[in-house]
Each structure stands twice: as structure tokens, then as C-alpha cells.
Amino acid sequence: MSVKRTRREVLRGAAGATALIATGGLNAGRAHAGVAEYDVVVVGSGAAGMTAALRAAKLGLSAVVVEKAATFGGSAARSGAGIWIPNNQVILRAGVPDTPAKAAQYLAAVVGSEVPAARQQAFLAAGPAMISFVMASSPLRFRWMEGYSDYYPELPGGLPGGRSIEPDLLDGRVLGAELARLNPAYIPVPEGTVVFSADYRWLNLALVNARGTAVAAEVVARWVAAKARGEIPLTMGQALAGGLRAGLAAAGVPVLLNTPLAGLHFENGRAAGVVVGDGTLMRARRGVIVGSGGFEHNLAMRTEYQRQPIGTDWTVGADSNTGDGIRAGRTAGAALDLMDDAWWGPAIPLPGEPYFCLAERTLPGCILVNGQGVRYVNEAAPYSDVVHVMYDRNSTGPHIPSWLIVDQNYRNRYLFKDIAPTLPFPDSWYDSGAVHKAWSIGELASRIGVPSSALRQTVTRFNGFALAGRDADFHRGDSAYDRYYADPGVRPNPCLAPLWLPPFYAFKIVPGDLGTKGGMRTDARARVLRADGTVIPGLYAAGNASGAVMGRSYAGAGSTLGPAMAFGYIAAGDLAAAM
Ligand SMILES: Cc1cc2nc3c(=O)[nH]c(=O)nc-3n(C[C@H](O)[C@H](O)[C@H](O)COP(=O)(O)OP(=O)(O)OC[C@H]3O[C@@H](n4cnc5c(N)ncnc54)[C@H](O)[C@@H]3O)c2cc1C
């Protein structure tokens with residue numbers, strides 16, 4: 001594969017790498033260590049960047065991807081790789097009753113007026129074409145995440161059966177030696193299994209539900225079959241990033257690792273390249289597409305833009321996402337949007353790495369309480385919403401941290417992170433203070449410093465709701481979305497079970513995130529805009545380096561990757577058409 005070439009070799013071989021360019025922009029007057037020239041320079045090898053580079057190459061442009069990390073794939077490689085794209089060919093073939101009108105109605109209802117309608121429409125129009133393009137241009141194939149409800153299925157146009165897809169099994173051998181440079185998964189799939197994102201719903205229930213048991217057997221059978229074929233099975237983000245990378249390799253697009261964007265290069269007011277860490281100018285005849293992710297690991301930016309308390313310890317985004325592209329854009333005059341927001345989700349600050357809670361927070365037999373021992377939100381609400389409420393309420397009383405309270409009955413039934421039901425949690429979880437255990441609710445309350453009587457009252461009230469099957473306070477279980485990570489065996493409401501069997505456990509809950517969602521303001525063509533609405537010529541942004549088309553919301557599973565890939569696709573198409 002051509003990907004074995006080193007960065008130096010690629011630079012030497014690049015067309016037009018002859019002269020030092022006199023710049024009129026950020027790097028004016030600076031001597032460059034070398035110059036390489038392409039039609040398009042893409043910054044970042046995540047979902048947005050690799051999709052953009054692939055499309056640029058397929059449209060006949062010479063493209064290069066510069067990547068800061070020693071691995072490719074960014075957060076996309078770490079992710080579950082749910083992708084929310086209405087009306088894509090995979091869901092339509094599976095019989096999902098979607099239409100462009102329904103999707104437009106739903107997105108408008110979810111996002112509201114904060115994001116211009118033209119951008120929403122551009123995303124919906126390009127999304128299905130992008131998925132078809134990726135399938136035609138890479139080894140990636142996709143499967144419907146059946147039943148993974150849109151996050152607000154009751155809104156007009158919402159689909160309780162969901163519109164999300166994820167990568168099908170990818171054989172890692174397509175990457176050759178480059179497989180070793182794939183950014184690892186956040187939580188690797190256990191050895192001896194092949195797990196898709198959509199399986200987690202059932203794996204949580206493996207001990208208590210026949211379908212759960214069948215899926216547990218299936219993930220092992222898939223692995224045995226893949227190994228018998230001699231494959232290296234990749235799923236989720238590993239498959240997504242691996243598949244895009246294989247597409248780039250086949251299209252002859254170099255991905256230069258350890259090559260950080262250091263500054264944007266302008267000629268006559270037009271973005272005409274980037275300067276990378278060693279001073280090399282990567283000149284771009286047509287333009288630059290910034291796909292360098294969010295700023296989740298930049299403490300100064302988080303402190304400057306976001307609500308307190310915040311830090312860089314609670315995010316699960318890729319370490320290398322430190323907002324470099326956003327800062328370069330800001331210096332070049334880009335307006336920034338949504339910088340105070342993120343792809344939030346309640347997280348447990350486990351030692352070593354935070355744990356982003358999904359099913360654990362919504363399965364029956366748990367409640368989320370604030371520092372007063374009182375419930376304040378529907379635990380099963382979309383994860384971004386739960387953290388928005390945490391921050392909103394924290395200004396009037398202690399909500400950060402909150403506490404997830406569960407009983408032993410819950411613990412006997414469900415997987416928790418990767419700890420099988422009934423098994424003890426690691427000592428390090430207790431030692432770090434992230435988890436506490438006690439034989440009564442009152443004792444648990446004292447351990448976590450919340451009023452005992454309040455927590456006891458909260459549990460008693462909630463247990464009444466569970467027995468009645470109706471959460472009169474926060475309506476947990478009313479939405480089809482709430483019931484996705486639930487237990488169909490629990491009646492009358494699969495989201496509600498009483499907490500009664502000691503011991504009881506409390507997990508510290510903080511505002512975690514999958515990455516930030518604020519960045520450069522872009523238009524429907526992914527062109528970067530100044531505050532006055534004018535375009536910065538030649539400069540494009542997609543993914544978490546740009547302000548999200550989802551605004552402050554989250555339409556369905558895959559609302560970050562779907563738009564990141566769609567706007568990467570749009571940016572490259574626009575650059576190709578521009579001249
Ligand atoms: C554990 C986890 C699970 C997730 N699950 C899902 C999911 O199921 N569905 C979903 O939609 N989203 C999910 N997300 C979020 C999603 O992965 C990200 O929002 C998405 O990858 C953003 O795409 P991106 O291309 O903007 O950034 P990334 O994929 O993070 O890529 C950015 C790249 O830019 C590189 N970079 C940074 N700075 C520079 C620089 N100066 N020069 C060159 N390169 C640079 C980074 O190293 C990185 O490789 C998940 C995230 C995580 C961490």
C-alpha cells in the first residue's frame with residue numbers, strides 16, 4: 001500500500017514543491033522548512049477530514065491529510081460510530097419509513113432557529129449522497145441500528161425505530177501495516193467477540209432476557225466465523241476510521257502522521273495552505289479544509305468559553321483535540337459559535353479514564369440525585385440534555401457532582417461498564433471515591449455527603465412510581481427513546497424498578513462529553529464565515545472544528561459523526577466546483 005511512504009518521501013514527491021511562498025497571511029515573512037503543494041490540504045484524520053479528503057480525491061483533486069497525532073482516526077476511531085443520516089440508502093432498504101419531508105420537519109423541530117435552515121437542509125440533502133459515496137469509495141458497509149429511536153421521537157417527523165446506522169464488520173487486513181497506526185477504541189471490544197454498537201442494548205440484558213442471551217452467543221459466533229476466515233474483525237469506530245483510511249490509501253491520498261497544523265497560510269486574503277509543526281508549508285491550490293476536531297483537551301479554552309466547573313479530565317474525546325484549528329480560524333477572522341456547549345453526557349470519573357454512562361443511567365433500578373439527595377431530571381433523557389440540566393441547576397444548588405444510586409437487584413441483573421452482573425467492582429473504583437457502597441440508603445447518604453432523610457424520601461417516592469409504572473415527577477419511560485436502554489422484562493414500566501435490595505451503590509456523576517461542539521461558523525457550503533457574514537476565501541471547516549448543525553441539541557444516535565462526514569463531503573465538493 002502507498003501508505004507506507006514516510007512524510008518526507010511524500011513531501012519530496014509532491015507536485016510543485018519548488019519555491020518558498022511569500023505569504024500575506026499569518027505566516028508572512030516566515031521562512032519555511034520546505035514546501036509541498038496539493039489542490040486541497042485537509043487538517044485532521046477524523047471523520048470529517050478523511051471523508052473530505054476521500055471526496056476531494058474522487059473528484060480528481062490532489063489531496064493530503066495532515067494529522068497531529070501519531071495515530072489516525074481521532075475521536076472517530078474511539079467512537080461507537082453511530083451515524084445519524086436520514087433517508088440514507090441503508091435505512092430505506094431496511095424499510096425505515098423516512099422521507100425528506102419528515103426529516104426536515106424533525107430536524108427543524110429539534111434544532112430550532114439557532115442554526116440557519118439552509119445549513120440544516122444542506123446536511124439533509126448531502127447526507128444520503130455521502131453515505132452512498134463512502135460505500136462506493138471505500139470498503140465500508142453499514143447496518144441499520146434497528147430500534148435505536150430518534151432522541152425526540154414524539155416531535156413531528158421523529159421516528160421511534162430510528163434513523164441511525166453503524167459500520168458493518170470490516171476486515172482489518174485491508175489496512176495492511178497501517179492497522180498499527182489506527183487510534184485505539186475508547187473501550188476495546190473484549191477479545192473473542194465481535195460487537196456492534198447496537199448489540200449493547202441486548203448485552204446489558206444477557207442474564208435476564210432471551211434475546212440478550214442470544215446476542216451474547218452471536219457476538220462470540222461472529223468472532224469464531226471471522227477468525228475461521230482469517231480476518232481481523234473491526235467494528236464501530238475502528239471500522240469507520242479504518243474503512244475511511246483504506247479508501248484514502250486506495251485513492252492515493254497520503255495521511256501524514258505527527259504533522260500538526262501550526263498556522264494557516266494566506267495569499268492575497270485567500271487560505272492557500274497550512275504550515276505544519278516543522279515549518280513546512282503545505283500549499284493548497286484550491287483551499288484548506290479544517291477537520292481538526294474540538295477543544296475538549298484544551299483547559300484554557302474550556303475555561304474561557306464554558307460553564308464551571310469544567311476541566312479536561314471528564315471528556316472521552318481524543319487527547320490530541322486541543323482546538324488548534326479553531327484557534328487558527330479565530331486568528332484568521334472566523335466567527336465562533338456554540339463554544340460554551342459540548343456533546344455532553346453524564347460520566348463517572350473512574351481512575352485512569354472517565355466512563356461515559358449510557359445504559360447504566362437508564363436501566364430500571366437506578367436514580368440520579370443531586371447534592372441534596374433529590375431527583376431533578378428524567379434519568380433516561382438524552383445525555384446532552386441531562387448535563388444541560390445539571391449545569392442549569394448547579395447555579396442554584398449542588399448538582400455537580402450528582403450521584404447515580406442503584407441497588408443490588410439492579411447489580412444482579414445488568415452489565416455495568418464491562419463488569420458482568422453480580423461481580424464486584426474493582427477496589428480502585430472505591431479507592432478513588434468514584435463509587436461508594438453501603439447496606440442502607442441512610443448509610444450511603446452519609447458516605448456521599450447528602451442528607452440521609454432526603455435520600456430516603458427520594459427512594460421511597462421513586463419506588464412508588466416504579467410500582468405504579470409511572471414517573472409522575474419526570475416522566476421517565478414515557479418516550480420511546482427512554483425505552484431503548486431499558487429492560488422489557490420489568491413491568492409495568494421497563495424503565496422503572498424499585499431500589500430495595502441492599503447493598504446500595506452510589507456512583508459519582510460529572511458533566512462528561514464526547515467532545516466539544518462549538519467552533520468556526522460555517523455556511524451551507526461548509527465555508528468559514530466572519531462575524532459580518534462574509535466568507536473567508538479558501539477556508540472550510542467540518543466536524544467539531546465547526547459550530548454544530550445540531551445547535552444545542554442531538555437528533556439521534558450519530559448526530560456528531562453524521563454531520564461531520566456530511567460537511568466534510570460538502571466542503572470537498574464545493575472546493576472542486578469552485579474553480
Ligand atoms: C468514546 C466515544 C464514543 C463516541 N460515539 C459516537 C457515536 O456513536 N456517534 C457519534 O455521532 N459520535 C460519537 N462520538 C463523537 C465523535 O467521535 C466525534 O464527535 C467525531 O469524531 C468528531 O469528528 P471530527 O472529524 O470533527 O473529529 P475527530 O474524529 O476527533 O478528528 C479530529 C482529528 O484532528 C486531529 N488534530 C487535532 N489537532 C490537529 C492539528 N493541529 N493538526 C492536525 N491534526 C489535528 C486529531 O488528532 C484528530 O485525529 C464518540 C466519541 C467518543 C470519544
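The values are calculated or read from the model by the stated rules, or taken from the named source; none is laboratory data. A quick note: this is a predicted structure, and the numbers were derived from the prediction, not measured. FYI the Cβ positions are ideal-geometry reconstructions off the backbone, even for glycines, and counts take in every protein chain you see. Accessible surface areas use protein heavy atoms only, side chains included; no ligands, DNA or RNA. Shrake-Rupley method; radii C 1.70, N 1.55, O 1.52, S 1.80 Å.
Between Ser440 and residues 5 or more places away or on another chain, which pairs have amide H atoms under 5 Å apart, with H built 1.01 Å from N, and which residues are they?
Residues meeting the amide H criterion: Phe504.
Show the residues, 5+ positions off or on another chain, whose built amide H is closer than 5 Å to the amide H of Glu37.
Ala15, Ala17, Arg283
Karplus couplings for the stretch 60-73 from phi (6.51 cos²θ - 1.76 cosθ + 1.60, θ = phi - 60°), rounded to Hz, Gly and Pro as x?
The phi angles translate into x, 8, 7, 9, 9, 10, 9, 10, 5, 6, 7, 10, 10, x Hz.
State the percentage of accessible surface on the chain attributable to carbon and sulfur atoms; use a 1.4 Å probe and exclude ligands, DNA and RNA.
Carbon-and-sulfur percentage of accessible area, whole number: 54.
Distance from the Cα centre of the stretch 390-424 to that of the stretch 88-138, in angstrom?
So the two Cα centres are separated by 34 Å.
Straight distance only, please: which lysines reach the Cα of Lys437 with their own Cα at less than 30 Å, same-chain residues fewer than 8 apart left out?
Within the straight-line limit of under 30 Å, Lys437 reaches these lysines: Lys417, Lys508.
Under the rule of -39500 (n - 2.57) per DSSP H run of 4 or more residues, summed and divided by the residues of the chain, what mean residue ellipticity at 222 nm is obtained, to the nearest 500 deg cm²/dmol?
Helix-only estimate at 222 nm: -9500 deg cm²/dmol.
Counting Lys +1, Arg +1, Asp -1, Glu -1, what net charge surrounds Leu455 among other residues with beta carbon under 12 Å of its beta carbon?
Spelling it out: positives minus negatives among the neighbours equals +3.
Suppose all protein chains stay in the model; what accessible area per residue would a 1.4 Å probe give for the chain, in Å²?
Here the per-residue accessible area is 35 Å².
Under a point-charge model restricted to the Cβ atoms of Lys and Arg (+1) and Asp and Glu (-1), what is the dipole moment magnitude of the chain relative to its Cα centre, in debye to the nearest 20?
Dipole about the Cα centre, nearest 20: 860 debye.
If you plug each phi of the stretch 249-265 into the Karplus form 6.51 cos²θ - 1.76 cosθ + 1.60 with θ = phi - 60°, what whole-Hz ³J(HN,Hα) values come out, in order, with x for Gly and Pro?
So the Karplus estimates, Gly and Pro as x, are 4, 5, 8, x, 8, x, 10, 8, 7, 6, 10, x, 4, 10, x, 7, 10 Hz.
Let me know the shape class of the chain, please: from the alpha-carbon gyration tensor, a ≥ b ≥ c as square roots of the eigenvalues, rounded when a/c is under 1.5, otherwise prolate if a/b is greater than b/c, or oblate.
prolate
Could you run the Karplus curve 6.51 cos²θ - 1.76 cosθ + 1.60 with θ = phi - 60° over the stretch 342-349 and give me ³J(HN,Hα) per residue in whole Hz, x for Gly and Pro?
Per residue, the Karplus-derived 3J(HN,Hα) values read 7, 7, 5, x, x, 9, 9, x Hz.
What angle do you read, to the nearest 10 degrees and between 0 and 90, between the alpha-carbon axis of helix 561-578 and the longest principal axis of the chain?
On a 0 to 90 degree scale, this one is about 20.
The stretch 262-279 to the stretch 351-373: how many Å between their Cα centroids?
45 Å
In terms of modelled amide H atoms, which long-range or inter-chain residues lie less than 5 Å from the amide H of Ala541?
Sorted by chain and number, the residues that satisfy this are Val290, Val528.
Tally the DSSP beta bridges in the chain and give the antiparallel ones as a percent, rounded to 5.
So the antiparallel bridges amount to about 70 percent of the total.
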